[in-house]
Amino acid sequence: MTRSTRQRETEEVIEQEEGDEDVRTCNECGSTNLVKSSDRGELICEDCGLVIEEEKIDPGPEWRAFNHKERQEKSRVGAPTTQTMHDKGLTTTIDWKDKDAYGRSISSKKRSQMHRLRKWQERIRTKDAGERNLQFALSEIDRMASALGVPRSVREVASVIYRRALKEDLIRGRSIEGVATSALYAACRKEGIPRSLEEISDVSRVDRKEIGRTYRYISQELGLEMRPVDPKKYVPRFCSELELSEEVQIKANEIIEETAEEGLLSGKSPTGYAAAAIYAASLLCNEKKTQREVADVAQVTEVTIRNRYQEQIEAMGIHG
């Protein structure tokens, strides 16, 4: 009983001391308006100017940086780890610049030596065929993602999906390019930046049928929960390529929302549905585009646009 009381008293004293530190006051004027000077390591009262503490230890770096660029140049840490590289970016690389530590050019003998070192360093980064295949697959994902203009986050997700497929041994009997392309297509849908199979196949080295078949297989085996693509996701990009105004975008989104509630979207291609809504909106907003122009941008046929357009205007009660 006595011991528990003493423990309680000790805890109260510690809490009181901690509370006193939180609300420190100036010894001269009693003010609580105290500021820390980061450049001199001092604690100063703003009201009377009394230096309460000095020569505090600064845990930060000894160098100064005045903007983001200087801070990056003086940083002593490397780049963050990334899934888009086979070794996750953990290995070191020999700089391609033929200069020494002082920025001076090195001799021709040293240059040839550094060239040989770079070559061998690239070779030993991949210890076996499996790592070489992974390196090739991730470089393919990076190439296709650059061609499609998708952000870095999509590349990271695609690389994670490919690594999972590799771990589950889903690549056996399939082409590396096919699985890599399917992983990128899945990542685009996951991140809400959808690209159609036609757009993916344009930058890939495999055909559309194989991409679709492989995508269905890996998404089922890995349990990727894929929601149907919202046609509204395509509207801004298609309108931008067609040089249509924001008014057309808003109207196209309204058409999609209104007709989707009627159940017309079920079983339809989202790209064709979005293209038809844009075509209808361009007519309603007097910014007419031909069916051929819209079809070329959306990579669908004019017949698809005509069919979806007729269904949409009938559902909205508009007689074209």
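The values are calculated or read from the model by the stated rules, or taken from the named source; none is laboratory data. Source: prediction; values computed, not measured. Neighbour counts run over all protein chains shown; Cβ positions are idealised from the backbone, glycine included. Ligands, DNA and RNA are excluded from the accessible area calculation, which covers all protein heavy atoms including side chains. Shrake-Rupley method; radii C 1.70, N 1.55, O 1.52, S 1.80 Å.
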Cβ-Cβ under 6 Å pairs, at least 6 apart or on other chains, region 164-176 side under 17 Å from Val206 (Cβ atoms), far side open to solvent by 90 Å² or more (accessible area, probe 1.4 Å) and not β-branched (Val, Ile, Thr): Leu170/Glu221
Set Glu177, Glu168, Glu221: member being within 24 Å of the chain's Cα centre (by Cα) and open to solvent by 30 Å² or more (accessible area, probe 1.4 Å): Glu177
Residues being open to solvent by 100 Å² or more (accessible area, probe 1.4 Å) and at pLDDT 85 or above - total across region 32-46: 1
Hits in region 184-202 - residues which are among the β-branched types (Val, Ile, Thr) and open to solvent by 30 Å² or more (accessible area, probe 1.4 Å): Ile193
Hits in region 292-320 - residues which are assigned to a helix (DSSP H, G or I), open to solvent by 30 Å² or more (accessible area, probe 1.4 Å) and among the polar types (S, T, N, Q): Thr304, Asn307, Gln310
Selection from region 147-163 of residues that are under 21 Å from Arg205 (Cα atoms), of a type in the set (D, E, K, R) and under 12 Å from the mean Cα position of the chain (by Cα): Arg155, Glu156
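The rows are residues; the columns are (1) within 20 Å of Pro194 (Cα to Cα); (2) not in a loop (DSSP other than H, G, I, E, B).
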residue: Pro228; (1), (2): yes, no
residue: Lys232; (1), (2): yes, yes
residue: Cys239; (1), (2): yes, yes
residue: Lys251; (1), (2): no, yes
residue: Glu258; (1), (2): no, yes
residue: Gly263; (1), (2): no, no
